[in-house]
1. Please state which one of PHE465, PHE430 is in a strand (DSSP E or B), touching a residue at least 60 places away in the same chain (Cβ under 8 Å) and buried (at least 22 other Cβ atoms within 10 Å of the Cβ).
2. Only residues in region 355-378 that are free of Cβ contacts under 8 Å to residues at least 40 places away in the same chain count as the first member; pair them with residues that are open to solvent by 10 Å² or more (accessible area, probe 1.4 Å) and part of a helix (DSSP H, G or I), Cβ under 9 angstrom, at least 6 apart or cross-chain, and list the lot.
3. List the pairs whose first member sits in region 271-288 and is modelled with pLDDT of 90 or more and in a helix (DSSP H, G or I), whose second member is small (Gly, Ala, Ser) and open to solvent by 70 Å² or more (accessible area, probe 1.4 Å), and whose Cβ atoms are under 6 Å apart, counting only residues at least 6 apart or on separate chains?
4. Tell me which of these TYR376 doesn't satisfy, since it passes every other one: (1) at pLDDT below 85; (2) open to solvent by less than 50 Å² (accessible area, probe 1.4 Å); (3) on the phi > 0 side of the Ramachandran plot.
5. Of the residues GLY327, GLY322, which is at positive phi and loosely packed, with under 12 Cβ neighbours inside 10 Å?
6. Just need a number here: residues in region 353-373 that are modelled with pLDDT under 90 and closer than 30 Å to ALA400 by Cα.
7. Filter region 396-422 down to the residues that are open to solvent by 10 Å² or more (accessible area, probe 1.4 Å), assigned to a helix (DSSP H, G or I) and among the aliphatic types (A, V, I, L, M) and list them by number.
8. Within the group LEU512, LEU480, LEU476, which residue is out of contact with any Gly (no Cβ under 7 Å at 6 or more places or on another chain), at pLDDT 90 or above and of a type in the set (A, V, I, L, M, F, W, C)?
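The values are calculated or read from the model by the stated rules, or taken from the named source; none is laboratory data. Bear in mind that the values here come from a model prediction, so they are computed numbers and not experimental data. A quick note on method: Cβ atoms are made from the backbone with ideal geometry, for glycine too, and the neighbour counts reach across all protein chains shown. Side chains are part of the model used for accessible areas, which takes the heavy atoms of the whole protein and leaves out ligands, DNA and RNA. Shrake-Rupley method; radii C 1.70, N 1.55, O 1.52, S 1.80 Å.
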Amino acid sequence: STPIASKVTGRMMVVFTMPLRGPEGDIFGVMAGTVPLESQELLPSTLTMLGQFASALVVYTRDGVILSHPEKSRMMQNAKDEPGLGPAFAEWVADGRTVFTEGVARLVPGYMVTMAGVPASQWMVARVTASEQALGPLRAVQKGSWGIVALIMGFCAASAALVIVWMTQPISRLRDRAEQTLRSDDAPDEGWPRARGEIGDLVRVFRKVTVERARAHESELVMIGQLRAILNHASIGIIITRDRRFELVGRHIMQMLGYSEEELLGQPARLIYPSDDAYAELGKRVGEQMQAHGHFDGEVLFRRKDGSEFWGHMLGRSLVPGDAAGGTLWIMHDVTAAREAQRQLSWSATHDSLTQLVNRREFEARLMQAMVQFDYRDVCVMFVDLDHFKPINDTAGHAAGDDALRQVAKLLEERVRQSDTVARLGGDEFAILLPGCSLRRAEGIAEQVRLAVEAWQLKRKGKVFRIGASIGIVELTPGLIDVATVLHAADTACYQAKHAGRNRVVVYVPSLAGISTRGADV
């Protein structure tokens, strides 16, 4: 729900509800609860901050009202005034306020903002991170790495110069001392030979290079330590790969995959994919997107250490643009729950929420498929319109009317085959698709449906309500060229049943003369 004030405590809160469904999809109960906004329990407290980094998790409505924030004073304020989130919120509003269930990322001045939507509540969840603190250590590592490469190249150049005068004794001693620099326990400023002239200059250069290299190595270790701190405290999965092997992994990704750091570092990336074919297909996708867009963005199926699988949303970008050998930074989110929610949304798009039957659009799609599959042979369609249904709504109320529609829908499903399709077209009108069914068999099924509806009754407010069913049947023929024509024919036969006295079955014939009917006047 939208934020409301409690009538007991006066605190702002939101109300959550969830329908409880049985094995056949019918609703038998509802769970409900409330959460005060100031309690900070809308999300786990461990996700609201990123340790030492300037990052916060913010939940807000489509109108920008902040529901959850690490600072209580910011709750019920507007997202457009939130540092970092404000520009991203403005872009989102300009784009039409689309609720991105799969999540999107935006870069705004000074911040990285990732947002994802909650379809059922139309809320948005945003992670706001100060970009300088989050990416600073990584950039420093890149910059430092180039400095180390330059130092090594200088070292090699100096070594090449020594080879020219290798036969002299001072050069031999210098060579021996230079070789000592390769040992991990070497003291970079000690043990160098004394010499004059050009040899002395070489000694001083080697000595300086060795000392600088040692300092650069220490700086590199500090930078790597800072990067590891980011990886270990980030609430998202972060991986750095080089040559298709794991080079650095974050703690969150290790928890997601079920591996320790020792089990991943240096191992081929193929380790976390279900099969060789899946890994090869992903490699093709990554190559195409990297070449076309400079980054990869997609959902990928992964396998954990225990063999279970999950869906992750992957964002990948080269650490050095245009240089795949420089390594790739990957950010992963577990989107298994989001995909399941999307599947539920897809079901809702093709079914009637009241009766759980397929809706008109899905029925028309299945009818079109049956017309192609059976080539207009042995396919029948029934149009069912309930008789005397309006008094239930007018006398017992719409809740009773809804209950009646649900019960009638169940009656219809129980009288047809598993291969048939029962749909609610709207109001008190239903349709039944009978593929692979002769007209004679369809008439028998229609009569069973009519009798079942006629025998059904509803008791409300001391009264007993009864209804009937006027049913029109059409058998597919080449003359019925499309879905609209078939449904119109079935509707025409149903209208004839109504006109002939209701509560009867009518078979459609093109001339409408000699239409067969059966049933009882009511």
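1. Values: PHE465 fails: buried (at least 22 other Cβ atoms within 10 Å of the Cβ).
Exactly one of PHE465, PHE430 is in a strand (DSSP E or B), touching a residue at least 60 places away in the same chain (Cβ under 8 Å) and buried (at least 22 other Cβ atoms within 10 Å of the Cβ), namely PHE430.
2. Pairs found: ARG361/ALA349; ARG361/THR350; ALA365/THR350; ALA365/VAL483.
3. Partner pairs satisfying both residue conditions: none exist.
4. With respect to (1) at pLDDT below 85; (2) open to solvent by less than 50 Å² (accessible area, probe 1.4 Å); (3) on the phi > 0 side of the Ramachandran plot, TYR376 is out only on (2).
5. GLY322
6. 1
7. Within region 396-422, ALA396, ALA399, LEU411 meet the criteria.
8. LEU476
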